[in-house]
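Okay, structure first, notes after.
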Number of protein chains: 2
Amino acid sequence: MRRLAIASAAAVLMASTVTHAAEPIALRDMGSFHVGGRLVVITGKPVKDVTFTPGGVPAKVDPNGTYQVEQMYVQYFLPQNEKGAYPLLLWHGGGLTGVTYETTPDGREGWLNYFLRKGWSVYNSDAVERGRAGWAQYPDIFKGEPVFLTTANPFERFRIGDGPGSYDPDPAKRKLMPGSQFPNEGYENFVKQNVPRWTTNDDATIAAYIAEIDRVGPCIILFHSQAGTFGFKVAQARPDKVKALIAIEPAGVGDPAKVDALKNIPTLMVYGDYIERDSRWPKIRATGVAFADAIRAAGGSVDVVDLPTVGIKGNSHMMMMDKNNAEVAGLIQTWLEGKGLTRK
Amino acid sequence: MRRLAIASAAAVLMASTVTHAAEPIALRDMGSFHVGGRLVVITGKPVKDVTFTPGGVPAKVDPNGTYQVEQMYVQYFLPQNEKGAYPLLLWHGGGLTGVTYETTPDGREGWLNYFLRKGWSVYNSDAVERGRAGWAQYPDIFKGEPVFLTTANPFERFRIGDGPGSYDPDPAKRKLMPGSQFPNEGYENFVKQNVPRWTTNDDATIAAYIAEIDRVGPCIILFHSQAGTFGFKVAQARPDKVKALIAIEPAGVGDPAKVDALKNIPTLMVYGDYIERDSRWPKIRATGVAFADAIRAAGGSVDVVDLPTVGIKGNSHMMMMDKNNAEVAGLIQTWLEGKGLTRK
């Protein structure tokens, strides 16, 4: 398995000590759009009177009719001084939204600002069923029930705490991973970022992400966790439009029968710390590494970086929020520069 | 009833002909946060095995436990050259999110960019239960069922089309209000912005908005439609922190017993066109106007502007998206300047 050289990690460490917080962000434009989705017809339901606002005037709401469903939301920020060769698309993980890449739960700058300040046009999105994408009736349209997470669940599952029972409402009483970089004091804010999810909307999500790429054009995709499946499968569907893939702890991978489609797309996989201490992450990582091997066997190029092996320690599954998030972003930025994906 | 003078409307018309699209937006910072909400404990439910990603590793999900609910999401943009005396908070209407104020459905700049370019620090938010705020289990936590809207519903209810039956999937066959400024060709994109809503979360929404104000500090609130109730009630709860209110077609009002709390807060109410043609809007407007009268009777100052009477015609309920949205924003900007709420 190829890994980034220690030398480049050292360069990253130096670069990450430069702070940008005081510099203004100059945008040539910012905005948003929805993309994708389909129309669904519902019939045979009774008409309701709905008073939308207390003291307001009741309106007839006929639930029968045509509904727009399965679209997604994209917010974009285009820097005045563009330095990326292609737009950078940020795709969040399961039960989350584009907020993942915004301000960290303890109030520091996230990867959205980081990459924007580095001169990338950044497209940050909410996938189908999440956040500003909206969601549809279930079980009429969405199948199955949504999943809600307790306040303790991500703490124990995302390698922030040291396994089951590590969470406590009192931050001082939590059993954090030793040397954890997660901002424990902001954990309550991270919990507020969680949104309900279904486990039945993968096809719709992939279709919407493809629609996003068809609209934006040639691009680089940085994707996290659940979006491992989406990032690789969408790249397999549009290999001509995806110029690089950055997989942050992918929880799923692409179609093993179509790895050939990925052979011309430089790919970086990044894993954090504590993988071996966890009950699930060794297998999840192994699935990702096996997929990387399959891409390489087809003639592709994949760099797998286990952060601790390049001296970056303490990272949880939410490394874009960890206290050293700029250091991890710096490693990605260095990789992108090394692949010739920045403008000279 | 006092109204803005025709002279100031003419000044607005001239100002609105100046385009800003080519100028960069310089931000000293941008970011987001969640605020408010509470913890709810659920007990007595069975544990589930959930495979979050196809091919992934099943995880135990115990639905019993503590849930974070009823928080809200706020995204902020702080201009490098600040000209507003206070931050400007944008609150969306029912079944919508902060996307209301972003790029219009036909791809033009929305009010978020407009006021940011005018030098306001803008805080755009998703209220409780909407968009990136997330939503909670029902009926366990949220009471009642969510309301979903057909593609036709907003067209016929927001004075875009000329009443029931005016919508058609084919844009060319729709019966628009005569002279409508709504971007009919972008209506499908507007439908994609709609998200499910409950009618039972007003108290939680008000609590979260109060938490937003307690965090941001002294501010001006621009609110739309359903948020009429929220804007006025929150101002009544925090009259010392609210420096001006801009009510865009408020669908509800504050507590009539507490109008005294609003007497020192300069207030602007704006109504669009076609009110009299609609079955519901004459009464909704009358409720707003009566509330304005009550505030004035308590010694307060409210300007009620019916846009057609100042020469601005064709506006739907979604005037922030209408083709003349910059003209309407210009009227608001002029009003704010007239109230001394911009820096000299």
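The values are calculated or read from the model by the stated rules, or taken from the named source; none is laboratory data. On a predicted model such as this, the values are computed, not experimentally measured, just so you know. All Cβ positions, even for glycine, are placed from backbone atoms using ideal geometry, and neighbour counts span all protein chains on display. Remember, those area values only see protein heavy atoms, side chains included, never the ligands or the DNA or RNA. Shrake-Rupley method; radii C 1.70, N 1.55, O 1.52, S 1.80 Å.
See the values below:
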{"quantity": "Pairs where the first residue, in the range A:163-188, is free of Cβ contacts under 8 Å to residues at least 40 places away in the same chain and the second is among the acidic types (Asp, Glu) and outside any helix (DSSP H, G or I), C-beta under 9 Å, 6+ apart", "calculated": "A:Arg174/A:Asp168; A:Lys175/A:Asp162; A:Lys175/A:Asp168; A:Leu176/A:Asp162; A:Pro178/A:Asp162; A:Asn184/A:Asp106"}
{"quantity": "Residue that is least open to solvent (accessible area, probe 1.4 Å), among those in the range A:139-148 that are more than 7 Å from chain B (Cβ to nearest Cβ) and over 16 Å from A:Gln68 (Cβ atoms)", "calculated": "A:Pro146"}
{"quantity": "Inter-residue pairs, beta-carbon under 7 Å, first under 26 Å from A:Thr205 (Cβ atoms) and in the range B:28-57, second open to solvent by 80 Å² or more (accessible area, probe 1.4 Å), 6+ apart", "calculated": "B:Asp49/B:Lys60; B:Val57/A:Lys283"}
{"quantity": "Which listed residue is in contact with an Asp or Glu (Cβ under 8 Å, 6 or more places away or on another chain) and modelled with pLDDT of 95 or more, from A:Gly231, A:Gly217, A:Gly186", "calculated": "A:Gly186"}
{"quantity": "Number of positions in the range B:233-281 that are within 23 Å of B:Thr334 (Cα to Cα) and either free of Cβ contacts under 8 Å to residues at least 24 places away in the same chain or in contact with a Cys (Cβ under 8 Å, 6 or more places away or on another chain) (or both)", "calculated": "3"}
{"quantity": "The range A:4-57 - residue that is touching a Lys or Arg at 6+ places or on another chain (Cβ under 8 Å) and more than 7 Å from every other protein chain (Cβ to nearest Cβ) and, of those, modelled with the highest pLDDT", "calculated": "A:Val35"}
{"quantity": "Residue within the range B:320-332 that is within 20 Å of B:Ala85 (Cα to Cα) and touching a Lys or Arg at 6+ places or on another chain (Cβ under 8 Å) present", "calculated": "no"}
{"quantity": "Strands (runs of 3 or more DSSP E) within the range B:22-121 that include 1 or more residues surrounded by fewer than 18 Cβ atoms within 10 Å (Cβ to Cβ) and hydrophobic (A, V, I, L, M, F, W, C)", "calculated": "B:25-42, B:48-50, B:59-61"}
{"quantity": "Boolean, B:Ala133 is more than 27 Å from B:Phe182 (Cα to Cα), open to solvent by 10 Å² or more (accessible area, probe 1.4 Å) and more than 8 Å from every other protein chain (Cβ to nearest Cβ)", "calculated": "no"}
{"quantity": "Residue within the range A:196-211 that is closer than 20 Å to B:Val41 by Cβ and assigned by TED's automatic domain parsing to the domain that holds A:Asn324 present", "calculated": "yes"}
{"quantity": "Only one of A:Leu116, A:Leu112, A:Leu149, A:Leu90 that is out of contact with any strand residue (DSSP E or B) (no Cβ under 6 Å at 6 or more places or on another chain) and in the same structural domain as A:Glu212 (by TED's automatic domain parsing)", "calculated": "A:Leu149"}
{"quantity": "Single residue of B:Asp126, B:Asp170, B:Asp106, B:Asp140 found to be among the acidic types (Asp, Glu) and in contact with a Pro (Cβ under 8 Å, 6 or more places away or on another chain)", "calculated": "B:Asp106"}
{"quantity": "Output for the range B:319-336, where each listed residue is touching a residue at least 60 places away in the same chain (Cβ under 8 Å) and hydrophobic (A, V, I, L, M, F, W, C)", "calculated": "B:Met319, B:Met320, B:Met321, B:Ala326, B:Ala329, B:Leu331, B:Ile332, B:Trp335, B:Leu336"}
{"quantity": "Any hit, the range B:264-280, residues being open to solvent by less than 40 Å² (accessible area, probe 1.4 Å), assigned to a loop (DSSP other than H, G, I, E, B), modelled with pLDDT of 95 or more and at positive phi", "calculated": "yes"}
{"quantity": "Enumeration of residues in the range A:122-133 that are within 11 Å of the chain's Cα centre (by Cα) and outside any strand (DSSP E or B)", "calculated": "A:Ala127"}
{"quantity": "Subset of the range B:282-295 [touching a residue at least 60 places away in the same chain (Cβ under 8 Å) and either in contact with a strand residue (DSSP E or B) (Cβ under 7 Å, 6 or more places away or on another chain) or open to solvent by less than 10 Å² (accessible area, probe 1.4 Å) (or both)]", "calculated": "B:Gly288, B:Val289, B:Ala292"}
{"quantity": "Hits in the range B:81-101 (condition: more than 14 Å from B:Leu222 (Cβ to Cβ) and within 9 Å of another protein chain (Cβ to nearest Cβ))", "calculated": "B:Gly94, B:Gly95, B:Thr97, B:Val99"}
{"quantity": "B:Arg285 among the basic types (Lys, Arg), over 20 Å from A:Pro54 (Cβ atoms) and in a helix (DSSP H, G or I)", "calculated": "no"}
{"quantity": "Subset of the range A:301-334 that is open to solvent by 10 Å² or more (accessible area, probe 1.4 Å) and in contact with a strand residue (DSSP E or B) (Cβ under 8 Å, 6 or more places away or on another chain) - its residue that is nearest to A:Lys233 (Cα to Cα)", "calculated": "A:Ser301"}
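Yes/no per residue for (1) within 22 Å of the chain's Cα centre (by Cα); (2) closer than 23 Å to B:Phe142 by Cα:
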| position | (1), (2) |
| --- | --- |
| B:Lys48 | no, yes |
| B:Phe52 | no, no |
| B:Pro58 | no, no |
| B:Asn64 | no, yes |
| B:Val74 | yes, yes |
| B:Phe77 | yes, no |
| B:Leu90 | yes, no |
